[in-house]
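Taken together, the values in this text are just the output of simple stated rules run on the coordinates, not laboratory data. Nothing here was measured: the structure is a model prediction, and the numbers come from that model. Backbone-built Cβ (ideal geometry, glycine too); neighbour counts: all protein chains shown.
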Amino acid sequence: MSDPTWWSEADLDRSRWGAAVEPVLRRIAAARDRDRLPHALLLVGPRGLGRELAAVEAAVMLVCDQAPGPWSVSSCAARLRAGHHPDVTAMMPEGKKGVIKIDPIRERVVEVVAARPYEGRRRVWIFDAVERDHLPGPSANAFLKTLEEPPQHAVFILLAANPSAVLPTVLSRCQRLTLPGAAAVAGDAEGVPPGLAVAAAAGSPIAGLLGEARVALEEASAGEPRRLLRLPWVLADAPSAFEVVAAAATELAGSDADGEASEGLVRLAADCLATERACRALNLGADRQLASCLMRWYREVP
């Protein structure tokens, strides 16, 4: 499989993640309008749960002339969302190790950053995953000076699930904005994923279900999987057991200082949400599919 060069439609699904990321986008728009936009932003949030949408929509507001706020519509915005705008570059992890390599950083960032925008107001580079496992020291050092003192037309948007795993030299050069995970928006029926919104409206004990899932994941991380094995059936009556597990995994990933463990939890959350969509489309048994997600994650637990 070739390395991706842009994000999938699911990653950029406004209907799913728009309400969660809009507050951050409005902060970026306000900073732009006050001429106080930082040259480097670190968007903190789990992979596949809205941060990619936030980065691309931020780029729309920074590059396109007809973009006064979030979700603006124009030919510029359409091309940018599709990954076809010449003033926006995605720097993706490559290869089996998932690393942003030195040569692409030099060729696509350092050597061209001084060039003026082709047609937009600014040029934007989006780095997808900047934890040290994905952006190691040599790669980071290749553009630290550029990151610290870019030309006025250049903006860098860096994405991370775990800021404690980002190299301090990178972290210190960015302004951090934290995106809410599924658990963080669980009390807001308008901002929560569909299944949890139904549960909230019905008065279901979401907090208790999240607690069950969280404890099961914590115990499994410590090598005790019995509660994890029972979890799909404990959550059998939840409107969306997948989203409950994804919320718990997201919450734990955000509080875990272990970069490898955090990445695994983020992958579990994304796997749960993707599997939920497949279950709905193919009418698959949810409990067995959720069990499969959990076992895939458990086999990878450090």
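Using a Förster distance of 35 angstrom, determine the FRET efficiency expected from the C-beta separation of residue 111 and residue 277, and round it to 0.05. Intermediate results must be reported in sequence, preceding the final value.
On the way: r = 40 Å, r/R0 = 1.15.
For R0 = 35 Å, the calculated efficiency reads 0.30.
Go through 163-174, 73-84 and give me the packing order, highest mean Cβ count within 10 Å leading.
Numbers: 163-174: 17.8, 73-84: 15.4.
Per-residue Cβ counts within 10 Å, averaged per peptide and sorted highest first, yield 163-174, 73-84.
Let's see if you can work this out: charge +1 on each Lys and Arg Cβ, -1 on each Asp and Glu Cβ, no other charges. What is the dipole magnitude of the chain about its Cα centre, in debye to the nearest 20? Walk me through the numbers before you get to the answer.
Values: 34 positive and 38 negative charges, 98 e Å.
It works out to roughly 460 debye.
For residue 71 paired with residue 9, estimate the spin-label separation in nm (one decimal), with each label point 7 Å from Cα along the Cα-to-Cβ line.
Calculated label separation equals 1.9 nm.
Among 102, 28, 157, which one shows the biggest mean-square fluctuation in a GNM of the chain, springs joining Cα atoms closer than 10 Å?
Looking only at 102, 28, 157, the biggest GNM fluctuation is shown by 102.
Arrange the peptides 265-277, 109-121 so that the one whose residues have, on average, the most other Cβ atoms within 10 Å appears first. Don't jump to the answer; show the numbers that get you there.
Working: 265-277: 22.5, 109-121: 14.5.
In descending order of packing, they fall as 265-277, 109-121.
Pull up the cross-link candidates among the aspartates and glutamates for residue 97, meaning alpha carbon to alpha carbon under 18 Å and not fewer than 8 places away within one chain.
Of all the aspartates and glutamates, those that pass the test against residue 97 - Cα under 18 Å, at least 8 places apart if same chain - are 3, 128, 131, 133, 258, 260, 263, 300.
Computed over the Cα atoms of the range 14-178, what is the convex hull's projected area averaged over all directions, in nm²?
The directionally averaged projection comes out at 8.8 nm².
Of 77, 138, 6, which is farthest along the charge dipole of the chain in the positive direction, counting Lys and Arg as +1 and Asp and Glu as -1 at C-beta?
77
How many nm separate the modelled label positions at residue 144 and residue 176, each set 7 Å beyond the Cα in the direction of the Cβ?
About 1.9 nm separates the two model spin labels.
Suppose every K and R has +1 on its Cβ and every D and E has -1 on its Cβ; what is the size of the dipole of the range 14-178 about the Cα centre, in Debye to the nearest 20?
Details: 24 positive and 17 negative charges, 53 e Å.
The dipole of the range 14-178 has a size of about 260 debye.
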